[in-house]
Every structure is written in structure tokens, then in C-alpha cells.
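Right, one structure below, let's go through it.
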Protein chains: 2
Amino acid sequence: MAERAGCCLPKLAPRLDAAEARRISNDLAILAHPIRLQILDLLAQYQGQVCVCDLEAALPVKQPTVSHHLKILREAGLITAERQGLWIYYSICCDTVQTMRERLLAQFALLG
Amino acid sequence: MAERAGCCLPKLAPRLDAAEARRISNDLAILAHPIRLQILDLLAQYQGQVCVCDLEAALPVKQPTVSHHLKILREAGLITAERQGLWIYYSICCDTVQTMRERLLAQFALLG
DNA sequence: CATATATATTGAAGGTTGTCAATATATGGC
DNA sequence: GCCATATATTGACAACCTTCAATATATATG
């Protein structure tokens with residue numbers, strides 16, 4: 001255990017460096033919105049069958065806002081889109097969700 | 001599996017209601033900041049021995065910013081403060097961290 | 001009590017995020 | 001090609017977040 005000189009510990013090195021902290025907080029920020037969580041939940045529940053108008057009907061926001069959140073999730077690799085005629089069906093990317101979950105779990109383990 | 005009428009599924013009920021979604025996204029938002037993650041990490045690493053000036057020295061932000069993030073973490077119940085003379089020593093609240101972790105895990109399980 | 005130090009609070013400035021109306025793009029049917 | 005429908009994009013506005021200098025508060029010491 002470190003010795004004190006005056007008030008402070010001599011040196012305090014974070015195990016979590018700035019870059020990794022940024023990466024994890026980015027992951028968290030993507031999930032940290034109620035509409036996005038509900039979208040992910042609906043996609044998980046009705047895998048592969050959900051189009052944007054389904055989401056628009058189920059959620060308390062308008063179509064451009066749904067599209068906006070879908071874009072954020074798409075760019076994070078958490079969901080994928082497949083066009084079928086007029087409609088675009090969205091699905092969860094279980095791999096990416098899994099990866100994100102493991103990174104978060106590892107972080108929680110350090111805090112535990 | 002649901003029948004389609006026109007484009008959309010007939011009804012799409014989120015398992016995750018708006019209130020629960022808000023609660024989880026609040027939890028996530030508290031963690032979704034690199035400085036707060038680094039603070040939690042440092043507190044976990046040096047349990048009970050870390051004062052604000054230690055944090056200020058270890059992190060790339062000024063003292064009022066450290067205090068600001070400490071307040072957010074305190075109000076979320078993730079950390080506690082104990083004054084000893086001039087200094088205030090912060091610790092992680094493992095219980096709250098644990099609770100939060102379990103809520104997030106449960107949510108991830110639904111997405112998995 | 002005056003001084004010095006540690007931490008908290010306030011208030012201002014700048015940046016980011018969330019939302020929506022309006023508009024654009026893509027597709028299918030006539 | 002024209003119309004209707006589904007989704008995406010743009011741009012504007014408001015709300016919120018982050019940061020810091022300045023200031024306030026708390027405590028210890030002489």
C-alpha cells in the first residue's frame with residue numbers, strides 16, 4: 001500500500017487508460033437512451049421481422065427520430081438492415097451485442 | 001409468430017416499458033463518461049484511500065470538474081465520501097455497483 | 001482570529017444530443 | 001412515366017452536458 005506524502009498518494013496510475021475509458025464510455029453512451037434500448041429490445045423479441053413502421057407505431061417518437069436512432073445503432077454495428085421491397089427489416093447483431101457485453105462485464109469485474 | 005396486415009406487424013409490445021427503459025438508460029448514462037469510469041476504476045484500485053487531490057493529479061481535468069463528476073457518482077449512490085480533517089476520502093459502493101451490474105446483465109440477457 | 005489548504009458550488013461559454021417538419025430518395029404498381 | 005408508400009436525410013431549435021475561472025465553505029494550525 002502506498003505511502004502518503006502530505007495529503008496525497010504519491011502516484012495514482014489508472015488501470016484504465018484514457019483511450020480505453022473513451023472506448024467503453026462510447027459503448028455505454030450508445031446504449032444510454034430509452035428509445036434505443038426499446039428498439040434493441042423489440043428487435044431481439046421479433047428477430048428479423050421488424051420494419052421501421054412497426055417501430056414508429058410502438059414508440060413515442062416520430063419517424064425521423066426512429067430513423068435517427070436506427071442510424072446510431074447501425075453505425076455501432078449493433079443492428080443490420082435488410083431491404084425487402086418497400087420495407088426495411090432490422091435485426092440485432094448478436095455478435096456485436098455479445099462483444100460489447102463482454103467488454104462491459106470485464107470493466108465491472110474490475111470495479112467489483 | 002405474428003401475421004402481417006400490409007407492411008407492419010399487428011401489434012408490437014415492448015417487453016421493456018418506457019419507465020424501465022428510462023431507468024436503465026439513466027444508469028448507463030452515469031457510467032458513460034471516460035472521467036467517471038476512470039474515477040471508479042481508481043477508487044476500486046485504491047479502496048478508501050483516495051482523496052480529491054489524488055484524482056485531480058491522475059486525471060486530465062481541473063479540480064471543479066473532478067468535484068462535478070464526484071457529485072454525479074455520489075448522487076447515483078455509486079461512491080461515498082468520508083471527511084478526515086482537510087481531506088475527503090472517496091470509496092466505491094460495491095453494493096450499488098453490483099445492483100447496477102445485475103440490472104444491466106438482465107437487460108443484456110434479453111438482447112442476447 | 002488570521003492564514004493556508006482541500007473541496008464544493010456558481011455561473012458562463014461552448015459543445016453535443018434529441019426531436020421534428022420538411023424534403024429527398026427508393027421501390028413497386030398502374 | 002406517374003403516383004403512392006416506406007425510409008433516410010437535412011436543417012433548425014431546444015435541452016442538456018462538460019469544462020473552467022472565480023468564489024464560497026470547511027478545517028487545521030499558529
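The values are calculated or read from the model by the stated rules, or taken from the named source; none is laboratory data. Not measured: the values here are computed from a predicted model. In this analysis, Cβ positions are derived from the backbone assuming ideal geometry, glycine residues included, and neighbour counts consider all displayed protein chains. We work out accessible area using only protein heavy atoms, side chains counted, and drop any ligands, DNA or RNA first. Shrake-Rupley method; radii C 1.70, N 1.55, O 1.52, S 1.80 Å.
The gain in end-to-end length when the B:Ala19 to B:Leu105 segment is fully stretched comes to 29.2 nm, 0.36 nm per residue minus the alpha carbon separation. On the accessible surface of chain A, probed at 1.4 Å, how many percent belong to carbon and sulfur atoms? After summing per-atom areas, the C and S share lands at 54 percent.
In this simple spin-label model, placing a label point 7 Å from the Cα along the Cα-to-Cβ direction at both B:Val61 and A:Ile72 gives a separation of 2.0 nm. The B-A contact accounts for roughly 4600 square angstrom of buried accessible surface, both chains included, probe 1.4 angstrom.
Per residue of peptide B:15-27, the mean number of Cβ atoms on other chains within 10 Å of the residue Cβ is 5.
Residues considered: A:Asp54, A:Asp17, A:Asp41. Largest GNM mean-square fluctuation over chain A, using C-alpha springs under 10 Å, is found at A:Asp17.
Per DSSP helix of 4 or more residues, -39500 (n - 2.57); summed, then divided by the residues of chain A. What does that give at 222 nm, rounded to the nearest 500?
That comes out to -18000 deg cm²/dmol.
Residues whose amide H comes within less than 5 Å of that of A:Ile79, counting only those at least five positions distant or on another chain, are A:Arg74, A:Cys93 (H built at 1.01 Å from N in the peptide plane).
Please enumerate, by chain and number, the lysines with C-alpha under 22 Å from the C-alpha of B:Lys71, excluding those fewer than 8 residues away in the same chain. Straight-line reach from B:Lys71, under 22 Å: B:Lys62. Solvent-accessible area per residue in the protein assembly as shown equals 51 Å², computed with a 1.4 angstrom probe and all protein chains kept.
Legend: residues in segment B:37-55 shielded by at least 40 square angstrom of accessible surface upon adding the remaining protein chains to the isolated chain (1.4 Å probe, heavy atoms) are B:Leu37, B:Gln38, B:Asp41, B:Gln45, B:Tyr46, B:Gln49, B:Asp54.
Please sort through the DSSP H helices of chain B and keep those with an alpha-carbon extent of at least 15 Å along the long axis and a Kyte-Doolittle average not below -0.5.
The qualifying helices are B:18-31, B:34-45, B:94-111.
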